[in-house]
Structure formats: structure tokens, C-alpha cells
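Here, each number is a calculation from the coordinates, and none is a lab measurement. Fair warning: this is a prediction, and the values are worked out from it, not measured in the lab. Counting neighbours? That spans all protein chains shown, and the Cβs are built from the backbone with ideal geometry, glycine included.
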Amino acid sequence: MSHISTHILNTATGEPAIGLNIDLYFQKGFEWDLVANGTTNNDGRISHLYEPEKGIHGGIYRMRFGTGEYFLSLGEQPFYPWAEVVFMASKKESYHIPLLLSYFGYSTYRGS
């Protein structure tokens, strides 16, 4: 089972957001370390974004979704160049962070 995963749905089209790039960072003091990155598949998912052998470190993570590049690839002018979701994680759990995306808005929640 993946420790951190995501799924993105383009709510403007009702379809998965295919080919959207994501960077995952971990906060260390005032700095952010890049710990993983990936691109959504044909189902708009990255099922195994981050799976360190010893489990995740408890702390604050930031997912940066490349929404601008995604909308440009669809021939649309993006409003948000990226979307960021910051969340706290504990060592013993897995996290699924979905993103519902449209041209002029996005929302997220903790999935299962």
C-alpha cells in the first residue's frame, strides 16, 4: 500500500486529469525538500507517489499540482499556474489526497 497517493478529476469535463505533474515536498525547518514526483496516469491517479521503505516521516508535506501545464496541454489558458495542498501526516498512516479541478477553482479532501 502506498503511503501517499492522489487522484485528480477535471470537474469541467468530468474526466480524469491525465498527464498532470505533481511534486511532493517535506518540510524541514523553513526549507522544503523534494521527496517524490510523478505524473497522473490514464485514470488521473498516482497510486504510488511516495513509498519509503521505513514509512513516512511524521510532519508537514506539500503537494504541488502542475495545473497550469495541464490546462495548457488541453489548449486552455490556465488561471492557476499551480495548486498546492499542505497537510500534516503521522508515521503510521497512509494518505490519499484527491484534487477536484476546474479552470477557475479546485478543492481537496482526505480520501481513503
- [ ] Please give the calculated 222 nm ellipticity per residue for the chain, where each DSSP H segment of at least 4 residues contributes -39500 (n - 2.57) and the sum is spread over every residue; nearest 500 deg cm²/dmol?
- [x] -1500 deg cm²/dmol
Task: Distance-filtered residues of the range 68-90 - backbone nitrogen under 13 Å, label point 7 angstrom along F30 Cα→Cβ - done: none
TODO: Name the residues whose placed amide hydrogens come within less than 5 Å of the amide hydrogen of Y103, ignoring near sequence neighbours (fewer than 5 apart) on the same chain.
DONE: A12
- [ ] Give the calculated FRET efficiency between E15 and N37 to the nearest 0.05, with a Förster radius of 22 Å applied to their Cβ-Cβ distance.
- [x] 0.45
Open item on the list: Under a crude label model (7 Å from the Cα following the beta-carbon direction), how far is S47 from Q77 in nanometres?
Closed with: 3.9 nm
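Kirkwood Rh over Cα pairs of the chain into Stokes-Einstein at 37 °C, 0.692 mPa s: D in µm²/s?
Translational D for this selection: 231 µm²/s.
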Task: chymotrypsin sites (Phe, Trp or Tyr not before Pro) restricted to the range 1-90 and DSSP loop, no more than 13 other C-beta within 10 Å - done: F30, F79
